[in-house]
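Report on the following structure.
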Amino acid sequence: MIGYQISYNDLAALVAQQSPNWMNRATQRTTHFRQQRRYAEPSPMWSEIKTVYIRLQGGKCAYCERKLEGEVYGKSEYDIEHFRPKGKIKVWSLSPDLRQQGITPTPVPNGTGGYYLLPYHLFNYAVACKPCNSVLKETYFPIAGTYNLSGDDPVALAESEQPYLIYPIGDFDQAPEDLIRFLGASPCPVASEGHDRNRALVTIELFKLDDGIKRKNLFLERIIIIQALFAQLERLANGATGATRDKAIKVIELAQSSQFAHSNCARSFIALYNQDPSQAEQFHDAAVAWLLSTS
């Protein structure tokens, strides 16, 4: 995961450019939900602004950073993800490994409702691939604090609810790269303890970001990037000059771009290589060995 820094006002401006009357209609619908004290409508309208988030995220899934098809032909590849579920929140079963880490999510409230005032809040959206959204996240939302299903401000809710999952869009949550980094093709927590570490562990586990069996293609994409980067970094380290050096620098720059697939993985590997080339080579060799063993 990486973050997409943007203020609410700037995001609202992008939405207004895409669909001039959308914000007014969203406010009207939210007022209706508030009066009814639940979310219910015959026809949602968030798909109208899906392209805003596709562009903001560089055509990538918000969670696994897979690059999907462009906005013209690929809209069906993306789901609009409601970070806080608008409907009933499902109870997420922790793995034994996470339980051993001392992670204890707050029990999900009884009832059938979700965050009924947030279906149209701009800081409750992201676009995600169907495996991440429809298969893995579904309507799970584990937290460490206190649920407030009638809350209408994601910024305030973040402080009181202490979500385990990381929200990548906006200017109020922690940057995902401050919580998750990569060792080779595998994600891991940055922090050694505390809620920051737990958030990383839960996010990695819920989206199966470190599952090389069930998400084999995800690992394969990261490994291809690591292989390409290692070759270019080695060229620079070995004193490449002229066009060879220029091309190597360009490839390394592109891989770190927020528009590029798996840029957190790429940035982590480049940083490791610059700090400890021999260890980076070990992770590169391990990634190649994994590739050969699963081909």
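The values are calculated or read from the model by the stated rules, or taken from the named source; none is laboratory data. None of the values given here were measured: they were computed from a predicted structure. Here Cβ is always computed from backbone atoms with ideal geometry, including for glycine, and neighbour counts include all displayed protein chains. Please note that ligands, DNA and RNA were not included when accessible areas were found on the heavy atoms of the full protein model with its side chains. Shrake-Rupley method; radii C 1.70, N 1.55, O 1.52, S 1.80 Å.
Remarks
- First in region 261-285 and without any contact (Cβ under 8 Å) to a residue 60 or more places away in the chain and of a type in the set (Gly, Ala, Ser), second anywhere and surrounded by 14 or more Cβ atoms within 10 Å (Cβ to Cβ) and not in a helix (DSSP H, G or I), Cβ under 8 Å, 6 or more apart: ALA266/PHE260
- Checked against the criteria, VAL202 does not count as β-branched (Val, Ile, Thr), open to solvent by 40 Å² or more (accessible area, probe 1.4 Å) and touching a residue at least 12 places away in the same chain (Cβ under 8 Å).
- Residues within region 141-180 that are among the hydrophobic types (A, V, I, L, M, F, W, C) and open to solvent by less than 10 Å² (accessible area, probe 1.4 Å), tallied: 8
- Taken over region 68-97, the criterion of being over 24 Å from LEU149 (Cβ atoms) and either in contact with a strand residue (DSSP E or B) (Cβ under 6 Å, 6 or more places away or on another chain) or among the aliphatic types (A, V, I, L, M) (or both) is satisfied by LEU68, VAL72, TYR78.
- Checking the stated criteria, ALA231 turns out not to satisfy the condition of being among the hydrophobic types (A, V, I, L, M, F, W, C), more than 23 Å from the chain's Cα centre (by Cα) and farther than 23 Å from LEU292 by Cβ.
- Exclusive hit being at pLDDT below 90, on the phi < 0 side of the Ramachandran plot and among the small types (Gly, Ala, Ser), set GLY87, GLY145, GLY102: GLY87
- Matching entry among PRO142, PRO187 (being within 25 Å of GLY102 (Cβ to Cβ) and either in contact with a Lys or Arg (Cβ under 8 Å, 6 or more places away or on another chain) or of a type in the set (S, T, N, Q) (or both)): PRO187
- The set of residues in region 19-40 being open to solvent by less than 70 Å² (accessible area, probe 1.4 Å) and either without any contact (Cβ under 8 Å) to a residue 40 or more places away in the chain or in contact with a Pro (Cβ under 8 Å, 6 or more places away or on another chain) (or both) consists of SER19, TRP22, MET23, ARG25, THR30, THR31, PHE33, TYR39, ALA40.
- Residues of region 197-237 that are of a type in the set (A, V, I, L, M) and part of a loop (DSSP other than H, G, I, E, B): LEU209, ILE213.
- Looking only at region 252-295, and only at residues there that are more than 16 Å from GLY184 (Cβ to Cβ) and open to solvent by 60 Å² or more (accessible area, probe 1.4 Å), the one that is farthest from the chain's Cα centre (by Cα): SER295
- Criterion (polar (S, T, N, Q) and assigned to a helix (DSSP H, G or I)) met by exactly one of SER47, SER43: SER47
- Qualifying residue in region 238-248 (condition: at pLDDT below 95, part of a helix (DSSP H, G or I), closer than 14 Å to ARG66 by Cα and open to solvent by 30 Å² or more (accessible area, probe 1.4 Å)): no
- 1 or more residues more than 30 Å from ALA271 (Cβ to Cβ): qualifying helices (runs of 4 or more DSSP H) within region 95-196: 96-100, 154-161
- The residues in region 11-52 that are under 20 Å from the mean Cα position of the chain (by Cα) and more than 18 Å from TYR78 (Cα to Cα) can be counted, and the count is 1.
- Restricting region 66-94 to residues that are in a loop (DSSP other than H, G, I, E, B) and hydroxyl-bearing (Ser, Thr, Tyr), the residue that is nearest to the chain's Cα centre (by Cα): SER93
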